[in-house]
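Shown next, in C-alpha coordinates, is the structure this report addresses.
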Amino acid sequence: MSKLLIVDDEESICWGLSQLGESHGHQVMTASTAEQALSIAEEDRPDVVVMDVRLPGMDGLTAMQGLRDRVGSVPVIVITAYGDLQTAVEAVRNGAFDYIVKPFDLNQMEQVLDKAIYESRREEPSVEETRQVDGLVGSTPEMQDVFKSIALVSGSEASVLLSGESGTGKELAAHAIHRFSERASGPFIAVNIASLSESLAESELFGHLQGAFTGAESTRVGFLEQADQGTLFLDEVADIPLPIQIKLLRALEEGEVLPVGSTQRVKTNFRVIAATHRNLESLIKQDKFRHDLYFRLCTFQIDIPPLRKRVGDICALADFFLERFVDRQTGAQHRLTAEAVSELEKRPWYGNVRELRNSIEHAALRARGGTILPEDLPAPVSKSFLGSEESDADSDIMIIELLKQWAEQQLIDPGQATNLYEKLMALIEPPVMNVALDQFHGQCAPAARCLGLHRTTLSKKLKQYGIENK
(Lines give C-alpha, C1' and ligand atoms only; values in the text may rest on other atoms or scores of the structure.)
Protein backbone atom coordinates (compact mmCIF):
# COMPACT_ATOMS: atom_id res chain seq x y z
CA MET A 1 0.00 0.00 0.00
CA SER A 2 1.27 3.46 -0.92
CA LYS A 3 0.39 6.87 0.48
CA LEU A 4 -1.04 9.36 -2.00
CA LEU A 5 -1.46 13.08 -1.36
CA ILE A 6 -4.05 14.82 -3.58
CA VAL A 7 -3.80 18.62 -3.65
CA ASP A 8 -6.59 20.48 -5.46
CA ASP A 9 -9.08 23.18 -4.50
CA GLU A 10 -11.80 21.42 -6.51
CA GLU A 11 -13.62 18.97 -4.25
CA SER A 12 -14.74 16.86 -7.20
CA ILE A 13 -11.13 16.29 -8.29
CA CYS A 14 -10.07 15.31 -4.77
CA TRP A 15 -13.04 12.97 -4.43
CA GLY A 16 -12.52 11.31 -7.83
CA LEU A 17 -8.80 10.75 -7.32
CA SER A 18 -9.40 9.55 -3.76
CA GLN A 19 -11.83 6.96 -5.07
CA LEU A 20 -9.29 5.89 -7.70
CA GLY A 21 -6.46 5.58 -5.19
CA GLU A 22 -8.49 3.77 -2.55
CA SER A 23 -9.89 1.34 -5.12
CA HIS A 24 -6.28 0.24 -5.70
CA GLY A 25 -5.64 -0.21 -1.98
CA HIS A 26 -3.71 3.00 -1.42
CA GLN A 27 -4.02 5.35 1.55
CA VAL A 28 -5.18 8.75 0.29
CA MET A 29 -4.75 12.15 1.96
CA THR A 30 -6.24 15.34 0.49
CA ALA A 31 -5.52 19.05 0.77
CA SER A 32 -7.14 22.12 -0.81
CA THR A 33 -4.09 24.41 -0.54
CA ALA A 34 -0.34 24.03 -1.01
CA GLU A 35 0.28 25.23 2.54
CA GLN A 36 -2.01 22.54 3.91
CA ALA A 37 -0.30 19.94 1.72
CA LEU A 38 3.15 20.86 3.04
CA SER A 39 1.92 20.54 6.60
CA ILE A 40 0.40 17.10 5.91
CA ALA A 41 3.55 15.93 4.11
CA GLU A 42 5.76 16.87 7.08
CA GLU A 43 3.64 14.80 9.45
CA ASP A 44 3.07 11.81 7.16
CA ARG A 45 5.43 11.59 4.18
CA PRO A 46 3.52 10.63 0.98
CA ASP A 47 4.88 8.27 -1.67
CA VAL A 48 3.25 10.19 -4.54
CA VAL A 49 1.75 13.67 -4.77
CA VAL A 50 -0.88 14.74 -7.30
CA MET A 51 -1.01 18.54 -7.30
CA ASP A 52 -2.89 21.23 -9.20
CA VAL A 53 -0.85 24.18 -10.48
CA ARG A 54 -3.26 26.98 -9.67
CA LEU A 55 -4.16 26.91 -5.98
CA PRO A 56 -5.32 29.60 -3.55
CA GLY A 57 -2.24 31.09 -1.91
CA MET A 58 0.99 29.33 -2.88
CA ASP A 59 0.87 27.85 -6.40
CA GLY A 60 1.63 24.20 -7.08
CA LEU A 61 4.95 24.75 -8.83
CA THR A 62 6.30 26.75 -5.87
CA ALA A 63 5.00 24.08 -3.49
CA MET A 64 7.06 21.42 -5.29
CA GLN A 65 10.26 23.04 -4.01
CA GLY A 66 8.77 23.19 -0.52
CA LEU A 67 8.02 19.49 -0.67
CA ARG A 68 11.61 18.68 -1.61
CA ASP A 69 12.92 20.82 1.23
CA ARG A 70 10.69 19.09 3.78
CA VAL A 71 10.46 15.46 2.70
CA GLY A 72 13.07 15.02 -0.03
CA SER A 73 12.42 13.62 -3.49
CA VAL A 74 8.79 12.60 -3.98
CA PRO A 75 7.22 11.94 -7.41
CA VAL A 76 4.83 14.84 -8.11
CA ILE A 77 2.18 14.52 -10.82
CA VAL A 78 1.14 18.01 -11.90
CA ILE A 79 -2.42 18.62 -13.09
CA THR A 80 -3.65 21.85 -14.59
CA ALA A 81 -6.41 23.31 -16.72
CA TYR A 82 -3.91 25.71 -18.29
CA GLY A 83 -1.88 23.64 -20.71
CA ASP A 84 0.62 26.16 -22.07
CA LEU A 85 4.21 25.37 -22.97
CA GLN A 86 5.76 27.40 -20.17
CA THR A 87 3.73 25.56 -17.53
CA ALA A 88 4.79 22.23 -19.02
CA VAL A 89 8.44 23.20 -19.06
CA GLU A 90 8.39 24.67 -15.54
CA ALA A 91 6.58 21.60 -14.19
CA VAL A 92 9.07 19.14 -15.64
CA ARG A 93 12.06 21.32 -14.80
CA ASN A 94 10.88 21.71 -11.20
CA GLY A 95 10.93 17.95 -10.88
CA ALA A 96 7.40 16.90 -11.87
CA PHE A 97 7.12 13.17 -12.51
CA ASP A 98 4.47 13.85 -15.16
CA TYR A 99 2.16 16.59 -16.39
CA ILE A 100 -1.55 16.06 -17.11
CA VAL A 101 -4.06 18.57 -18.46
CA LYS A 102 -7.64 18.81 -17.19
CA PRO A 103 -10.05 17.34 -18.01
CA PHE A 104 -8.17 14.04 -17.88
CA ASP A 105 -9.19 10.44 -18.29
CA LEU A 106 -9.04 8.35 -15.11
CA ASN A 107 -7.38 5.54 -17.06
CA GLN A 108 -4.61 7.95 -18.02
CA MET A 109 -4.21 9.04 -14.40
CA GLU A 110 -4.20 5.42 -13.27
CA GLN A 111 -1.32 4.59 -15.62
CA VAL A 112 0.70 7.60 -14.50
CA LEU A 113 0.06 6.81 -10.83
CA ASP A 114 1.25 3.24 -11.35
CA LYS A 115 4.47 4.51 -12.94
CA ALA A 116 5.01 7.05 -10.18
CA ILE A 117 4.56 4.42 -7.48
CA TYR A 118 6.53 1.56 -8.97
CA GLU A 119 9.15 3.19 -11.18
CA SER A 120 12.34 4.79 -9.94
CA ARG A 121 12.17 8.43 -8.93
CA ARG A 122 13.46 10.91 -11.45
CA GLU A 123 15.19 14.16 -10.61
CA GLU A 124 15.26 16.96 -13.17
CA PRO A 125 17.58 19.95 -13.05
CA SER A 126 15.83 23.21 -12.21
CA VAL A 127 16.03 26.16 -14.58
CA GLU A 128 15.20 29.82 -14.34
CA GLU A 129 11.79 31.02 -15.40
CA THR A 130 11.61 31.28 -19.17
CA ARG A 131 9.41 33.15 -21.56
CA GLN A 132 6.75 31.87 -23.90
CA VAL A 133 7.88 31.09 -27.43
CA ASP A 134 5.93 33.22 -29.88
CA GLY A 135 3.54 31.25 -32.04
CA LEU A 136 3.82 27.87 -30.29
CA VAL A 137 0.24 27.94 -29.05
CA GLY A 138 -2.17 25.12 -28.31
CA SER A 139 -4.26 23.38 -25.68
CA THR A 140 -5.31 20.26 -27.61
CA PRO A 141 -3.97 16.86 -26.48
CA GLU A 142 -1.83 16.75 -29.62
CA MET A 143 -0.03 19.98 -28.72
CA GLN A 144 0.18 19.03 -25.06
CA ASP A 145 2.16 15.96 -26.15
CA VAL A 146 4.48 18.26 -28.11
CA PHE A 147 4.91 20.59 -25.11
CA LYS A 148 5.65 17.65 -22.83
CA SER A 149 8.23 16.27 -25.29
CA ILE A 150 9.93 19.67 -25.52
CA ALA A 151 10.00 19.92 -21.74
CA LEU A 152 11.49 16.45 -21.37
CA VAL A 153 14.20 16.74 -24.02
CA SER A 154 15.30 20.36 -23.65
CA GLY A 155 17.35 19.71 -20.52
CA SER A 156 19.38 16.97 -22.19
CA GLU A 157 22.06 17.02 -24.88
CA ALA A 158 20.18 14.54 -27.09
CA SER A 159 19.92 15.18 -30.82
CA VAL A 160 16.31 15.92 -31.76
CA LEU A 161 14.49 15.24 -35.04
CA LEU A 162 11.37 17.36 -35.60
CA SER A 163 9.05 15.87 -38.18
CA GLY A 164 5.88 17.34 -39.61
CA GLU A 165 4.37 19.07 -42.59
CA SER A 166 5.62 22.45 -43.79
CA GLY A 167 4.22 25.32 -41.76
CA THR A 168 3.47 23.35 -38.58
CA GLY A 169 6.02 25.24 -36.47
CA LYS A 170 9.10 23.02 -36.43
CA GLU A 171 11.48 25.97 -36.17
CA LEU A 172 9.45 27.41 -33.29
CA ALA A 173 9.78 24.06 -31.52
CA ALA A 174 13.54 24.11 -32.15
CA HIS A 175 13.74 27.62 -30.67
CA ALA A 176 11.80 26.40 -27.62
CA ILE A 177 14.14 23.46 -27.05
CA HIS A 178 17.12 25.83 -27.27
CA ARG A 179 15.61 28.48 -24.99
CA PHE A 180 14.71 25.96 -22.31
CA SER A 181 18.11 24.23 -22.49
CA GLU A 182 21.37 24.84 -20.67
CA ARG A 183 22.71 26.19 -23.98
CA ALA A 184 20.18 29.05 -24.01
CA SER A 185 22.93 31.65 -23.55
CA GLY A 186 24.78 30.29 -26.59
CA PRO A 187 23.99 30.93 -30.27
CA PHE A 188 21.01 29.45 -32.11
CA ILE A 189 22.15 28.91 -35.70
CA ALA A 190 19.31 28.06 -38.10
CA VAL A 191 20.26 26.64 -41.49
CA ASN A 192 17.72 25.91 -44.21
CA ILE A 193 19.45 23.20 -46.20
CA ALA A 194 17.04 23.56 -49.11
CA SER A 195 18.20 27.16 -49.62
CA LEU A 196 21.86 26.14 -50.05
CA SER A 197 23.13 25.36 -53.53
CA GLU A 198 24.74 21.94 -53.72
CA SER A 199 28.05 23.43 -54.88
CA LEU A 200 28.29 25.79 -51.88
CA ALA A 201 26.61 23.67 -49.19
CA GLU A 202 29.92 22.23 -47.96
CA SER A 203 31.49 25.68 -47.69
CA GLU A 204 28.43 27.10 -45.90
CA LEU A 205 28.29 24.29 -43.36
CA PHE A 206 31.99 23.68 -42.70
CA GLY A 207 33.54 26.99 -43.73
CA HIS A 208 36.49 27.60 -46.07
CA LEU A 209 39.88 29.27 -46.22
CA GLN A 210 40.68 32.22 -48.44
CA GLY A 211 41.56 30.96 -51.93
CA ALA A 212 40.17 27.46 -51.28
CA PHE A 213 38.21 27.70 -54.54
CA THR A 214 37.36 30.25 -57.20
CA GLY A 215 35.46 33.10 -55.59
CA ALA A 216 36.69 32.37 -52.04
CA GLU A 217 38.08 35.87 -51.53
CA SER A 218 38.15 35.61 -47.74
CA THR A 219 38.06 33.00 -45.01
CA ARG A 220 34.56 32.03 -43.90
CA VAL A 221 33.50 30.42 -40.61
CA GLY A 222 30.95 27.70 -41.32
CA PHE A 223 27.59 27.24 -39.61
CA LEU A 224 28.83 24.26 -37.57
CA GLU A 225 31.62 26.35 -36.06
CA GLN A 226 29.31 29.35 -35.54
CA ALA A 227 27.04 27.10 -33.42
CA ASP A 228 29.83 26.37 -30.92
CA GLN A 229 28.43 26.23 -27.35
CA GLY A 230 24.92 26.61 -28.74
CA THR A 231 22.39 24.86 -30.96
CA LEU A 232 22.56 24.07 -34.67
CA PHE A 233 19.14 23.80 -36.30
CA LEU A 234 19.22 21.97 -39.64
CA ASP A 235 15.92 22.62 -41.40
CA GLU A 236 14.92 20.44 -44.37
CA VAL A 237 17.68 18.02 -43.44
CA ALA A 238 16.49 15.56 -46.12
CA ASP A 239 17.99 17.87 -48.75
CA ILE A 240 21.61 17.43 -47.60
CA PRO A 241 23.61 16.07 -50.58
CA LEU A 242 24.88 12.52 -50.00
CA PRO A 243 28.62 13.41 -50.17
CA ILE A 244 28.11 16.07 -47.49
CA GLN A 245 26.11 13.69 -45.31
CA ILE A 246 29.28 11.66 -44.77
CA LYS A 247 31.26 14.71 -43.70
CA LEU A 248 28.43 15.93 -41.46
CA LEU A 249 28.21 12.57 -39.72
CA ARG A 250 31.93 12.65 -38.99
CA ALA A 251 31.69 16.19 -37.64
CA LEU A 252 28.83 15.20 -35.34
CA GLU A 253 30.65 12.10 -34.11
CA GLU A 254 34.02 13.77 -33.51
CA GLY A 255 32.94 17.29 -32.53
CA GLU A 256 35.21 18.96 -35.05
CA VAL A 257 35.01 20.33 -38.59
CA LEU A 258 37.42 20.52 -41.50
CA PRO A 259 36.97 23.77 -43.46
CA VAL A 260 37.28 23.53 -47.24
CA GLY A 261 40.91 24.06 -48.24
CA SER A 262 42.25 23.44 -44.74
CA THR A 263 44.21 20.57 -43.23
CA GLN A 264 43.56 21.67 -39.64
CA ARG A 265 40.41 20.49 -37.92
CA VAL A 266 38.52 22.97 -35.72
CA LYS A 267 36.85 21.89 -32.47
CA THR A 268 33.20 22.83 -32.06
CA ASN A 269 30.63 21.83 -29.45
CA PHE A 270 26.97 22.19 -30.35
CA ARG A 271 23.66 20.44 -29.99
CA VAL A 272 21.95 19.50 -33.24
CA ILE A 273 18.23 19.74 -33.91
CA ALA A 274 17.09 18.61 -37.34
CA ALA A 275 13.72 19.03 -39.05
CA THR A 276 12.05 17.62 -42.12
CA HIS A 277 8.62 17.35 -43.71
CA ARG A 278 9.72 14.28 -45.67
CA ASN A 279 9.86 10.61 -44.71
CA LEU A 280 13.53 9.93 -43.99
CA GLU A 281 12.98 6.19 -43.62
CA SER A 282 11.58 6.12 -47.14
CA LEU A 283 14.57 8.11 -48.43
CA ILE A 284 16.92 5.64 -46.72
CA LYS A 285 15.28 2.77 -48.60
CA GLN A 286 15.83 4.75 -51.83
CA ASP A 287 19.52 5.26 -50.92
CA LYS A 288 18.99 9.03 -50.79
CA PHE A 289 19.75 9.40 -47.08
CA ARG A 290 22.32 7.62 -44.94
CA HIS A 291 20.91 5.41 -42.23
CA ASP A 292 23.86 6.10 -39.90
CA LEU A 293 23.27 9.85 -40.14
CA TYR A 294 19.57 9.28 -39.49
CA PHE A 295 20.31 7.45 -36.24
CA ARG A 296 22.78 10.17 -35.22
CA LEU A 297 20.17 12.89 -35.76
CA CYS A 298 17.20 11.02 -34.32
CA THR A 299 18.02 10.27 -30.70
CA PHE A 300 14.65 11.80 -29.78
CA GLN A 301 11.85 12.47 -32.27
CA ILE A 302 8.98 14.92 -31.92
CA ASP A 303 6.14 14.83 -34.44
CA ILE A 304 4.49 18.22 -34.88
CA PRO A 305 0.83 17.59 -35.82
CA PRO A 306 -0.75 19.33 -38.83
CA LEU A 307 -3.28 22.03 -38.00
CA ARG A 308 -6.21 19.98 -39.35
CA LYS A 309 -5.42 17.37 -36.65
CA ARG A 310 -5.79 19.96 -33.87
CA VAL A 311 -8.81 21.97 -34.89
CA GLY A 312 -9.39 22.97 -31.28
CA ASP A 313 -6.30 25.20 -31.44
CA ILE A 314 -7.39 27.21 -34.49
CA CYS A 315 -9.38 29.84 -32.59
CA ALA A 316 -6.60 30.37 -30.02
CA LEU A 317 -4.00 30.67 -32.78
CA ALA A 318 -6.18 33.12 -34.72
CA ASP A 319 -6.60 35.30 -31.61
CA PHE A 320 -2.85 35.10 -30.99
CA PHE A 321 -2.12 36.40 -34.50
CA LEU A 322 -4.85 39.05 -34.29
CA GLU A 323 -3.12 40.63 -31.29
CA ARG A 324 -0.30 41.54 -33.67
CA PHE A 325 -2.52 43.13 -36.33
CA VAL A 326 -4.01 46.19 -34.62
CA ASP A 327 -5.84 48.58 -36.95
CA ARG A 328 -3.35 51.36 -37.74
CA GLN A 329 -6.01 54.05 -38.21
CA THR A 330 -8.21 53.44 -35.20
CA GLY A 331 -5.85 51.45 -32.98
CA ALA A 332 -8.74 49.02 -32.42
CA GLN A 333 -8.22 45.32 -31.83
CA HIS A 334 -9.70 43.12 -34.55
CA ARG A 335 -12.13 40.38 -33.62
CA LEU A 336 -13.47 37.30 -35.37
CA THR A 337 -17.18 36.68 -35.72
CA ALA A 338 -18.52 33.25 -34.84
CA GLU A 339 -19.13 32.66 -38.56
CA ALA A 340 -15.50 33.47 -39.36
CA VAL A 341 -14.26 31.10 -36.65
CA SER A 342 -16.56 28.39 -38.03
CA GLU A 343 -15.11 28.92 -41.50
CA LEU A 344 -11.57 28.73 -40.17
CA GLU A 345 -12.30 25.46 -38.40
CA LYS A 346 -13.75 23.90 -41.57
CA ARG A 347 -10.69 24.47 -43.73
CA PRO A 348 -8.05 21.74 -44.33
CA TRP A 349 -5.07 24.10 -43.79
CA TYR A 350 -2.58 22.29 -45.98
CA GLY A 351 -0.25 25.22 -45.30
CA ASN A 352 -0.82 24.68 -41.57
CA VAL A 353 -0.09 27.44 -39.01
CA ARG A 354 1.84 29.50 -41.57
CA GLU A 355 -1.21 29.57 -43.85
CA LEU A 356 -3.49 30.47 -40.92
CA ARG A 357 -1.23 33.37 -39.95
CA ASN A 358 -1.24 34.74 -43.48
CA SER A 359 -5.02 34.33 -43.69
CA ILE A 360 -5.54 36.26 -40.45
CA GLU A 361 -3.24 39.06 -41.61
CA HIS A 362 -5.09 39.21 -44.95
CA ALA A 363 -8.46 39.34 -43.17
CA ALA A 364 -7.26 42.01 -40.73
CA LEU A 365 -6.29 44.23 -43.65
CA ARG A 366 -9.65 43.76 -45.37
CA ALA A 367 -11.94 43.95 -42.35
CA ARG A 368 -13.98 47.11 -41.83
CA GLY A 369 -14.43 48.36 -38.30
CA GLY A 370 -12.23 45.64 -36.86
CA THR A 371 -14.82 42.88 -37.30
CA ILE A 372 -13.63 39.94 -39.44
CA LEU A 373 -16.34 38.20 -41.46
CA PRO A 374 -15.97 34.97 -43.50
CA GLU A 375 -15.79 37.00 -46.73
CA ASP A 376 -12.70 38.81 -45.41
CA LEU A 377 -10.73 35.57 -45.43
CA PRO A 378 -8.65 34.62 -48.49
CA ALA A 379 -9.40 31.48 -50.49
CA PRO A 380 -7.89 28.34 -48.92
CA VAL A 381 -4.65 26.99 -50.35
CA SER A 382 -5.07 23.75 -52.29
CA LYS A 383 -3.05 20.66 -51.53
CA SER A 384 -1.60 20.50 -55.05
CA PHE A 385 -0.40 24.12 -54.84
CA LEU A 386 1.91 23.16 -51.96
CA GLY A 387 3.44 20.28 -53.88
CA SER A 388 2.09 17.64 -51.52
CA GLU A 389 2.38 15.03 -54.25
CA GLU A 390 5.94 14.38 -53.05
CA SER A 391 4.78 13.40 -49.59
CA ASP A 392 2.03 11.31 -51.18
CA ALA A 393 4.70 9.54 -53.22
CA ASP A 394 6.68 8.90 -50.03
CA SER A 395 3.55 7.40 -48.46
CA ASP A 396 3.00 5.16 -51.50
CA ILE A 397 6.59 3.93 -51.28
CA MET A 398 6.15 3.15 -47.59
CA ILE A 399 2.91 1.25 -48.23
CA ILE A 400 4.58 -0.79 -50.98
CA GLU A 401 7.49 -1.57 -48.68
CA LEU A 402 5.14 -2.66 -45.88
CA LEU A 403 3.20 -4.89 -48.29
CA LYS A 404 6.45 -6.51 -49.40
CA GLN A 405 7.38 -7.18 -45.78
CA TRP A 406 3.92 -8.61 -45.11
CA ALA A 407 4.14 -10.94 -48.13
CA GLU A 408 7.64 -12.10 -47.14
CA GLN A 409 6.40 -12.83 -43.63
CA GLN A 410 3.46 -14.84 -44.97
CA LEU A 411 5.77 -16.85 -47.24
CA ILE A 412 8.28 -17.84 -44.58
CA ASP A 413 6.64 -21.26 -44.73
CA PRO A 414 5.38 -21.66 -48.33
CA GLY A 415 3.62 -24.88 -47.37
CA GLN A 416 1.36 -23.01 -44.95
CA ALA A 417 0.85 -19.94 -47.17
CA THR A 418 -2.60 -20.27 -48.76
CA ASN A 419 -5.22 -17.82 -50.03
CA LEU A 420 -2.68 -15.00 -49.82
CA TYR A 421 -4.69 -12.74 -52.13
CA GLU A 422 -7.88 -13.15 -50.10
CA LYS A 423 -5.97 -12.40 -46.89
CA LEU A 424 -4.55 -9.27 -48.49
CA MET A 425 -7.97 -8.03 -49.62
CA ALA A 426 -9.42 -8.69 -46.17
CA LEU A 427 -6.60 -6.57 -44.77
CA ILE A 428 -6.84 -3.68 -47.24
CA GLU A 429 -10.48 -3.32 -48.22
CA PRO A 430 -12.21 -2.70 -44.83
CA PRO A 431 -10.24 0.43 -43.83
CA VAL A 432 -10.57 1.92 -47.31
CA MET A 433 -14.32 1.29 -47.34
CA ASN A 434 -14.72 2.72 -43.84
CA VAL A 435 -12.94 5.93 -44.87
CA ALA A 436 -15.11 6.24 -47.99
CA LEU A 437 -18.30 5.78 -45.96
CA ASP A 438 -17.17 8.33 -43.38
CA GLN A 439 -16.38 10.80 -46.15
CA PHE A 440 -19.92 10.53 -47.53
CA HIS A 441 -21.65 10.27 -44.12
CA GLY A 442 -22.60 6.62 -44.55
CA GLN A 443 -24.20 7.03 -47.99
CA CYS A 444 -23.43 3.88 -49.95
CA ALA A 445 -24.01 5.22 -53.50
CA PRO A 446 -21.44 8.08 -53.51
CA ALA A 447 -18.98 5.93 -51.53
CA ALA A 448 -19.28 3.20 -54.19
CA ARG A 449 -18.71 5.73 -56.99
CA CYS A 450 -15.62 7.03 -55.20
CA LEU A 451 -14.26 3.48 -54.86
CA GLY A 452 -15.09 2.59 -58.46
CA LEU A 453 -17.47 -0.17 -57.37
CA HIS A 454 -21.11 -0.92 -58.12
CA ARG A 455 -23.36 -0.10 -55.19
CA THR A 456 -24.47 -3.74 -54.93
CA THR A 457 -20.86 -4.91 -54.88
CA LEU A 458 -20.02 -2.50 -52.07
CA SER A 459 -23.07 -3.59 -50.07
CA LYS A 460 -22.01 -7.24 -50.39
CA LYS A 461 -18.48 -6.46 -49.27
CA LEU A 462 -19.73 -4.46 -46.30
CA LYS A 463 -21.78 -7.47 -45.18
CA GLN A 464 -18.81 -9.78 -45.84
CA TYR A 465 -16.56 -7.76 -43.56
CA GLY A 466 -19.25 -6.99 -41.00
CA ILE A 467 -19.04 -3.23 -41.58
CA GLU A 468 -22.12 -1.37 -40.40
CA ASN A 469 -23.49 1.16 -42.87
CA LYS A 470 -24.99 3.80 -40.58
Distant-in-sequence amide H partners of V50 (H built 1.01 Å from N, under 5 Å): L5, I6, V7, I77
Table column - 3J(HN,Hα) (Hz), region 340-348, Karplus curve with 6.51, -1.76, 1.60, x for Gly and Pro: 5, 4, 4, 5, 4, 6, 8, 6, x
Gyration tensor verdict on region 3-120 (Cα atoms; rounded if a/c is under 1.5, prolate if a/b is larger than b/c, oblate otherwise): rounded
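Distance cut-off 28 Å, Cα to Cα: go down the list K288/K423; K102/K346; K423/K460; K285/K463; K288/K404; K115/K148 and report the pairs above it. Spell out each step's value before the answer.
Numbers: K288/K423 33 Å; K102/K346 26 Å; K423/K460 17 Å; K285/K463 39 Å; K288/K404 20 Å; K115/K148 16 Å.
Correct reply: K288/K423; K285/K463.
Treating only the Cβ atoms of Lys and Arg (+1) and Asp and Glu (-1) as charged, compute the dipole magnitude of the chain about its Cα centre; round to the nearest 20 debye.
Working: 47 positive and 70 negative charges, 238 e Å.
Using Cβ point charges on Lys, Arg, Asp and Glu, the chain gives about 1140 debye.
Tell me whether region 394-466 comes out rounded, prolate or oblate; compute the Cα gyration tensor, take square roots of the eigenvalues as a ≥ b ≥ c, and use a/c under 1.5 as the rounded threshold. Please report the intermediate quantities before stating the final value.
Working: a/c = 3.41, a/b = 1.77, b/c = 1.93.
Verdict is oblate for region 394-466.
Over the chain, what is the percentage of antiparallel beta bridges among all DSSP beta bridges, to the nearest 5? Don't jump to the answer; show the numbers that get you there.
Values: 4 of 42 bridges.
Looking only at bridges with both residues in the chain, the antiparallel portion is about 10 percent.
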Per-residue ³J(HN,Hα) for region 247-263, Karplus 6.51 cos²θ - 1.76 cosθ + 1.60, θ = phi - 60°, Hz, x for Gly and Pro: 5, 5, 4, 5, 5, 5, 6, 9, x, 8, 10, 10, x, 4, x, 10, 10
Computed label-point distance, nm, for sites L106 and W15 using a 7 Å Cα→Cβ extension: 1.2
Amide N of region 194-229 lying under 12 Å from the label point, which is placed 7 angstrom from the Cα of E256 along Cα→Cβ: none
Most positive-pole-ward Cα, S2, G370, M51, against dipole of the chain from beta carbon charges: G370
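Starting from the Cα-Cα distance between I284 and D59, subtract it from 0.36 nm times their residue separation and give me the gain in nm to one decimal.
The I284-D59 span can extend by a further 76.1 nm.
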Residues E339 and I467, FRET efficiency given R0 of 30 Å [Cβ-Cβ distance, rounded to 0.05]: 0.25
Long-range amide H partners of R271 with built H, under 5 Å: G230, T231, L232
DSSP beta bridge pairing in region 160-298, given as percent antiparallel to the nearest 5: 20
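Does region 12-60 come out rounded, prolate or oblate by the C-alpha gyration tensor, with a ≥ b ≥ c the root eigenvalues, rounded set by a/c under 1.5 and, if not, prolate when a/b is larger than b/c and oblate if not?
Working: a/c = 2.53, a/b = 1.37, b/c = 1.84.
In terms of gyration-tensor shape, oblate.
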Additional length obtainable on full extension of the chain from S73 to E217, 0.36 nm per residue less Cα span: 46.0 nm
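Using every Cα-Cα pair within the chain, state what percent have a distance larger than 35 Å. Kindly include the intermediate steps, with their values, before the conclusion.
Details: 56484 of 110215 pairs.
Of the Cα pairs, 51 percent sit more than 35 Å apart.
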Amide H partners (placed H, <5 Å) of V28, local residues excluded: L4
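Expressed as a whole percentage, what fraction of the accessible surface of region 423-469 belongs to carbon and sulfur atoms when a 1.4 Å probe is rolled over the protein heavy atoms?
Working: 1710 of 3120 Å².
Within region 423-469, the accessible surface is 55 percent carbon and sulfur.
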Accessible area of the chain divided out per residue, in Å², using a probe of 1.4 angstrom: 52
Cα→Cβ-extended label distance, 7 Å offset, between V435 and K460, nm: 2.5
Under the Karplus curve 6.51 cos²θ - 1.76 cosθ + 1.60, θ = phi - 60°, whole-Hz ³J(HN,Hα) for region 63-80, x wherever Gly or Pro sits: 5, 4, 5, x, 4, 4, 5, 8, 10, x, 7, 10, x, 10, 9, 8, 10, 7
Accessible carbon and sulfur surface of region 311-381 relative to its total accessible area, %, 1.4 Å: 48
Nearest-10 value in Å² for the accessible area of R357, using the 1.4 Å probe: 100
Aspartates and glutamates whose Cα lies under 12 Å from that of K170, excluding same-chain neighbours fewer than 8 positions away: D235, E236, D303
Projected label distance in nm at H362 and E157, using a 7 Å step from Cα toward the beta-carbon: 4.7
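The values are calculated or read from the model by the stated rules, or taken from the named source; none is laboratory data. Quick caveat: nothing in here was measured; it's all calculated off a predicted structure. Here Cβ is always computed from backbone atoms with ideal geometry, including for glycine, and neighbour counts include all displayed protein chains. The protein model used for the area step is the full one, side chains on, heavy atoms only, and it has no ligands, DNA or RNA in it. Shrake-Rupley method; radii C 1.70, N 1.55, O 1.52, S 1.80 Å.
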